[in-house]
Structure formats: C-alpha cells, structure tokens
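Here is the structure we will look at, set down as structure tokens.
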Amino acid sequence: MAVINATQLGIISGEASGDLLGAHLMRALHAQHPGLTACGIAGPRMIDAGVQALYASDKLAVNGYGDVLRRLPELLWIRSRTTRYFLKHRPRVFVGIDAPDFNFTLEEKLKRAGIPTVHFVSPSLWAWRGERIHRIKRAVSKMLVVFPFEEKIYQDAGIPVAFVGHPLADLIPFEPGTQAARQGLNLSAGQRVIALLPGSRLGEVARHTPLMLAAAQAMRHALPDLQFVLPAVNEAAAALVHKAMRVARVPVQVLLGQSHTALAACDLALVASGTATLEAALFKKPMVITYRMSKRTGAKMLRQAYLPYVGLPNILAGRFVVPELLQDEATPDALAREMLAWFDAPLRHDEAIEEFKTIHMSLRQNAHIRIAEALNPYLTA
C-alpha cells in the first residue's frame, strides 16, 4: 500500500454508484481547494478526479450475506490496513461514501482518535435496520443525506446533518435527449427500445442477466420489432452478459458502461433494484423493478423491512408508481407482462413521467456545491 504524503482528505467508496458520486465531490472540492490531496479506496472515476487509491473500490463490492461471509477475511484485512493508514497520516477530514458496513466501523475509530468523519449517503434506515442510528451517532461527525425526508431522522437522533440533494439529479438533464442517444447507439429511431440493467455487482449481473434475457425473449415474441440495450458496468460484467446470451439467443446490444446513454435512448427499462432505479426515474423512463437474492438473505431483509416497496422511485413518491417483482415473483413471463403493459396504458405512462419530474426537481440542489460547503470548515481549519 503506497504512502501519500500530506493527505488532507481521506475518502472511501465501495460501489460503482459511489464512485460516480465521489468523482463529482472531488471536482467540486478541487474547484475551491486546487491543491487538495486525497487518498483512500476509490474507483476509476474518483481516481480520474484526483484520488490516489490505496485499494480499488471493487474490492468492497459484495452481494448478499453469503458473499460477505466468503470474503470476510479479505474485507477485514483491507479495513484494518486502511484504518491504520489514516490513523498514522491523519487527514483533516474523512468522507465515507455509502458502503456503511465497511465505513461505519472505520469512521468510529477515526472519530474516537479526533479525526472528523463525514458520511455521504445515508443507509436506508427508513426502509430497514433502524437500530443502526445509535451506531451512526458514534461514527459520524456529520451526515450528508441525498433525500429530503432523511434529514429529520438524524435531527431527531441529535446527529448533525445536511440535506445536499442528489448529485445524479444535477448531472442528468431534465430532458433525456432520447433521439440523440439513439443515434449515438445506432438504434432505429422508429422502433421501441428496452434497456436492461441487471446491476453493478458481478453477483447481481450473474443472477439477473439470464432472467432479463429470458424476459426479453418473451417481450420480443409479443413485439418482434423491439430493440434491447444492456449496459455492463465493466469488462467482467460484460463477459457474464455475453455468456448468458449464448443460452438466451436474443439480440441485445451490450454496452461497456454508458448506462446513462442506454437510459436516455430507451422507452422503458427493466432494472435491478438499486441506484439505477433512481437514474431511470431521472431520465423519465417508466420501468419495472426486479431483484433476486438467496432465499436466506431475502427472508432476513423482508423481516427487517419497514416499507411495502424497495425501489427508490416508489419510496420517494410514497406509493407504487412502478411495478416491483422480487424473488419468486420475478419470472420471465411476469416481467415481460408488466413491461409490455406500459405500452398499453398511456395515461399511467404519462402519470409516471410527471411523478419522475417532481422527484427530479426535489433532488436537484447543486449537490456538489452543498457538499463542498459542508466540508469547507474541516479543510480550512
């Protein structure tokens, strides 16, 4: 592990979505602090934005309790080494982006040692595991939340908090630019396009891609002129997709990255639950949300759930705006049926888009500026 001298900012992100958020945060900070030095656990976008990586963020990507148990020794070793690094080199402030199970333990140790800790993106306390609030209070000096209703949860618990908006709402244009995106992907302008988003973790891709391809087959049987695009988060994910396609034999344009281009280009999206559901809503695309995990993990999460929905568009709207088919309900035929139903319900389609516009405006807060302002007191002290 390399030693980076005079580190002013420690930062850790453990997901592809967190890497994107971290990159925007770093650019905002560099605009106000041109000589800022930062290091931590980072993905390619954060590295491009100036973070020197102690470890690659994909080392932290896990999927379900079984994956955590298999990789626990490696994860504990990485966290221990990273904690010791920050305790020795003492950044002015540490920022943990999402990855709560990894970051909160590290943050608690840093805070106890007098290093301010800021956590960006609250865990879903409003959906499950509300008892975590006590651990969070021990771990963070300040919480930065991306959804407006989260602020009161932390205020009530006596934890310093700021609603900063969601960087994706600033990044994604209010008008999706569908025709330009289709031209960029060489898609036929007159044919309908379905985007398939199986997830960013390799476990999600392996589990959801065959399901989504089978659903695509069923959809194409009903509407033969449908076009499909599937953005793979990296080459390893693309390899899993191509392997599944050898069995499914449905024509799909596989993209390396370019999830936003795929969402801009599509009419509808079939999306694995996660940040991609919010991205689809911000692109004003009606969708069907799905997810499959092990029966054991699914049963445990169901017992801890507070809300009747898991998809971010539904949570933000406070009602079922788009269908969710999870676990055993997520069959190819059921997914295809719910997807095609959007084409036969223009009023429902338009109402969903209006709800997505409302969500977009509520989250568009110049988040990068608000986050930088929240960190300035620590960096200028």
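For the reader, a short list of remarks on this structure follows.
- Counting only helices (runs of 4 or more DSSP H) that sit wholly inside the range 187-277, those with at least 1 residues that are among the basic types (Lys, Arg) and closer than 25 Å to SER57 by Cβ are 202-222, 235-248.
- Any hit, the range 43-55, residues being touching a residue at least 40 places away in the same chain (Cβ under 8 Å), outside the structural domain of ASN234 (by TED's automatic domain parsing) and in a loop (DSSP other than H, G, I, E, B): no
- Count of residues meeting criterion [closer than 17 Å to GLY199 by Cα, part of a loop (DSSP other than H, G, I, E, B) and at pLDDT 95 or above] in the range 286-329: 0
- Whichever residue in the range 227-245 is among the small types (Gly, Ala, Ser) and out of contact with any strand residue (DSSP E or B) (no Cβ under 8 Å at 6 or more places or on another chain) and, among such residues, is surrounded by the most Cβ atoms within 10 Å (Cβ to Cβ): ALA237
- Answer from ILE172, ILE153, ILE136 - the residue that is under 20 Å from the mean Cα position of the chain (by Cα), surrounded by 17 or more Cβ atoms within 10 Å (Cβ to Cβ) and hydrophobic (A, V, I, L, M, F, W, C): ILE172
- Residue pairs meeting the criteria (Cβ under 8 Å; at least 6 apart or on separate chains; first in the same structural domain as LEU223 (by TED's automatic domain parsing), in the range 323-352; second of a type in the set (Gly, Ala, Ser) and not in a helix (DSSP H, G or I)): GLU324/SER273; GLU324/GLY311; LEU326/SER273
The values are calculated or read from the model by the stated rules, or taken from the named source; none is laboratory data. Computed from a predicted model, the values in this text were never measured in an experiment. Positions of Cβ are backbone-derived with ideal geometry, glycine not excepted, and every protein chain shown enters the neighbour counts.
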